[in-house]
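Trainee: Next up is a structure, given as structure tokens.
Quick note: the coordinates plus some simple rules give every number you see, no bench work behind them. Computed from a prediction, not measured in an experiment: that's the story for all the values here. Cβ atoms come from the backbone with ideal geometry, glycine included; neighbour counts cover every protein chain shown.
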Amino acid sequence: MHSVLEIIAKRVVTSSGKIYGNKEARQQLRREISEILARTVTDFKRGRLSTVYLPPAYPLDGFEYALAPVISENPEETYARLAALLGELAGRARYMHERWREAAEKCVETAAIEDSKTRDFVWTLLSINKEMLLHIAKQIAYPTRMGVEGAITAIYEFIMLNNCAPVFLKCKDIPLGRSRQDKWSKRLFAVARVYDGLLVILGAAFHWDLAKILRHRFRRYESYSLRPTVFTRMFIHALLGNVKVENYISAYRDFVECITSLSERPAEVIASHCAEVLNRWRAAGAMTDDFLVRAVTYTLYDLINSILRP
């Protein structure tokens, strides 16, 4: 039986280890997800459902394949899947696509890596694992810039901090497929997009960008700006085992329910009211900073209005 983490990773990337889906397929999946979210929001507001789930992303573009395996017509099931996913990640689960494994082996061979520490570093780069997820989450929680250009920039930071830039430079242009454009760096970017999706669907990062899609320094692949939410630090505590997975999910659930129930009121009023909901989770790491509360509130507010729009 496949784990939630494995199912999500396989939906985000193709059998060749690259990012999945074309424009038409993404649009269709996004419509389907939006319709499910719209129905659950409406039913929750009418008292037909006891809870509601929304991801902090507006627009949803780019997060469809991460969302698809967890979204359900029954939000209780959605939260159960998210709890299972976070439990996997906190329990040091590791997922490595077969093509990522091949890319790691070629890097080790091409760069003539002999020491075990550097080999482990390459394998860490090309897999979904707790160590890297913690690093990315910390980069988002304590940003040195307005927003992280997707998980890929945090991964580059990880490479620099571990003094492994020479290894990356030797491996980044290794050809892996039939096309000359299919290089090792594309596998690394696919890994990063899985992290992007995981952080957003779990509420540990938010994406709000109407006008543009940021691109990383090589200007070849799309990357989405990520910013900290009121739950990013609590998420880190959950990964470290300092906060129960169930409590983290409950905190995010409470906040989403509050915003959704008040979504017909002005966003500023919603942010002020729902900040009070976070107070019960402050000891566990939830933030009540006015800027963060407003940022996440506005993101969810815009998402609700967009999916309910005729």
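Trainee: Please work out, to two decimal places, the log10 of the ratio I(q)/I(0) at q = 0.17, 0.18, 0.21 Å⁻¹ from a Debye calculation in which every Cα of segment 34-188 carries one identical scatterer.
Mentor: So the normalised log intensities are -1.09, -1.16, -1.35.
Trainee: Any cysteines in the chain with zero other Cys Cβ atoms under 4.7 Å from their Cβ? List them, or say none.
Mentor: Singleton cysteines: 164.
Trainee: Helix 184-201 sits at what angle to the longest principal axis of the chain, using alpha carbons and giving 0 to 90 degrees rounded to 10?
Mentor: 20
Trainee: Moving to a separate point now. Taking a point 7 angstrom from the Cα of residue 25 along the C-beta vector, which residues in segment 67-88 have backbone N less than 19 Å away?
Mentor: 67-71
Trainee: So if I restrict to the alpha-carbon atoms in the chain, what is the Rg, and what is Dmax, the biggest pairwise distance, in Å?
Mentor: 19.2, 62
Trainee: For residue 208, list long-range residues whose amide hydrogen, built 1.01 Å from N in the peptide plane, is under 5 Å from its own amide hydrogen.
Mentor: Amide H to amide H, under 5 Å and 5 or more residues apart or across chains, residue 208 pairs with 58.
Trainee: Taking the Cα atoms only, what angle lies between the long axis of helix 150-161 and the longest principal axis of the chain, rounded to 10 degrees?
Mentor: Here the helix axis deviates by roughly 50 degrees.
Trainee: Go ahead and set up a Gaussian network model of the chain, Cα springs under 10 Å, then flag whichever of 256, 277, 70 fluctuates most.
Mentor: Highest fluctuation of the listed residues: 277.
Trainee: Further, regarding this structure: On a C-alpha basis, how far is the centre of segment 81-132 from the centre of segment 147-167 in Å? Whole number, if you could?
Mentor: About 15 Å separates the Cα centre of segment 81-132 from the one of segment 147-167.
Trainee: Under a point spin-label approximation (7 Å from Cα along Cα-to-Cβ), what is the residue 35-residue 272 distance to one decimal in nm?
Mentor: Here the modelled spin labels are 3.9 nm apart.
Trainee: Quote the relative contact order of the chain in percent (integer), defining contacts as alpha-carbon pairs under 8 Å separated by 6+ residues.
Mentor: Working: 451 pairs, mean separation 70.2, N = 310.
Relative contact order here is 23 percent.
Trainee: Okay, next question. Have a look at 160, 234, 287 and tell me which one the Gaussian network model of the chain (Cα, springs below 10 Å) gives the largest fluctuation.
Mentor: 160
Trainee: Let me know the longest stretch in the chain that avoids all GluC sites (Glu not before Pro) found in a DSSP loop with at most 15 other C-beta atoms within 10 Å.
Mentor: After excluding every exposed loop site, the longest remaining stretch is 115-263.
Trainee: Taking Cα pairs under 8 Å and at least six residues apart, what relative contact order does segment 11-101 come out at, in percent?
Mentor: Relative CO of segment 11-101 lands at 34 percent.
Trainee: Can you tell me the 0 to 90 degree angle between the C-alpha axis of helix 130-141 and the longest principal axis of the chain, rounded to 10?
Mentor: 60
Trainee: So how far apart, in nm, are the two label points at residue 283 and residue 116 if each is 7 Å from Cα heading toward Cβ?
Mentor: According to this spin-label approximation, the distance is 4.3 nm.
Trainee: OK, next. Let me know the charge dipole size of the chain about its Cα centre in debye, to the nearest 20, where only the beta-carbon of Lys, Arg (+1) and Asp, Glu (-1) is charged. Please report the intermediate quantities before stating the final value.
Mentor: Details: 44 positive and 35 negative charges, 159 e Å.
Charge dipole, the chain, about its Cα centre: 760 debye, nearest 20.
Trainee: In Å, the Kirkwood hydrodynamic radius of segment 228-291 over pairs of distinct alpha carbons?
Mentor: This gives a value of 12.0 Å.
Trainee: What number comes out for the charge environment of residue 120, summing +1 per Lys or Arg and -1 per Asp or Glu over other residues with Cβ under 12 Å away?
Mentor: So the environment of residue 120 carries a net charge of +1.
Trainee: Between residue 308 and residue 242, what is 0.36 nm times their sequence separation minus the Cα-Cα distance? Round to one decimal in nm. Write out the running numbers ahead of the final one.
Mentor: Numbers: separation 66, 0.36 × 66 = 23.76 nm, distance 3.76 nm.
Full extension from residue 308 to residue 242 adds 20.0 nm.
Trainee: What is the calculated FRET efficiency for residue 94 to residue 162, with r their C-beta to C-beta distance and R₀ = 22 Å, to the nearest 0.05?
Mentor: 0.80
Trainee: Sticking with this one: Pop the C-beta distance of residue 264 and residue 77 into the FRET formula with R0 = 25 Å and round what comes out to the nearest 0.05.
Mentor: Working: r = 26 Å, r/R0 = 1.05.
Result of the calculation: an efficiency of 0.40.
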